[in-house]
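FYI, it's all coordinate maths here, none of it is from the lab. Just so it is clear, the structure is predicted and the values come from calculations on it, not from any experiment. Here Cβ is always computed from backbone atoms with ideal geometry, including for glycine, and neighbour counts include all displayed protein chains.
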């Protein structure tokens, strides 16, 4: 079993069970190998890095939108059966972006600002008051930080 092959198989999207099958190893034996061999764990993990980056990039493009070209060809079939391209038009198209992809990315990349809060059993009025209280606490904390900075400078 070579670590590079494990990394390549992992990068191609094979599950650990499928990788074990490639090496004709039972799932139980694979689990034992993983527990005992740190290099094997690293090979699987490193193999996942490239596809994860590709997926992140594709999801980002989907979230913010992108431009692409669409080629439209006109083909004429000749009497001898040969096809001849008579016209080609390239159209610039735009994908405007996906709110769902944007929300997903914001929640995962900046959870401090975009996490979901569930207020079970709270009325709209209670939630609004809670938001006002939280905003006042944030402003007070900022004021304290500003006051402390002024004290430190003196």
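Brief remarks on what is shown
- Between region 1-64 and region 82-140, the Cα center-to-center distance that results, in Å: 31
- Helix 38-64 and the longest principal axis of the Cα set of the chain meet at an angle near 80°.
- Legend: ranking of residues 62, 76 from fewest to most surrounding C-beta atoms inside 10 Å; resulting order 76, 62.
- Principal-axis analysis of the Cα atoms of the chain puts helix 124-153 at an angle of about 70° to the longest axis.
- Residue-averaged [θ]222 nm for the chain, counting only DSSP H segments that reach four residues, each worth -39500 (n - 2.57): -20500 deg cm²/dmol
- Rounded to 10°, Cα long-axis angle of helix 27-36 versus longest principal axis of the chain: 50
- Considering only alpha-carbon pairs that sit under 8 angstrom and 6 or more positions apart, the relative contact order computed for the chain is 16 percent.
- The gain in end-to-end length when the residue 26 to residue 71 segment is fully stretched comes to 11.3 nm, 0.36 nm per residue minus the alpha carbon separation.
- Set against the labelled values (1) 17.7; (2) 22.6; (3) 16.3, Kirkwood radius over Cα pairs in Å computed from this structure falls on (2).
- Cα-based shape type of region 45-106, given that a ≥ b ≥ c are square roots of the gyration tensor eigenvalues and the cut on a/c is 1.5: oblate
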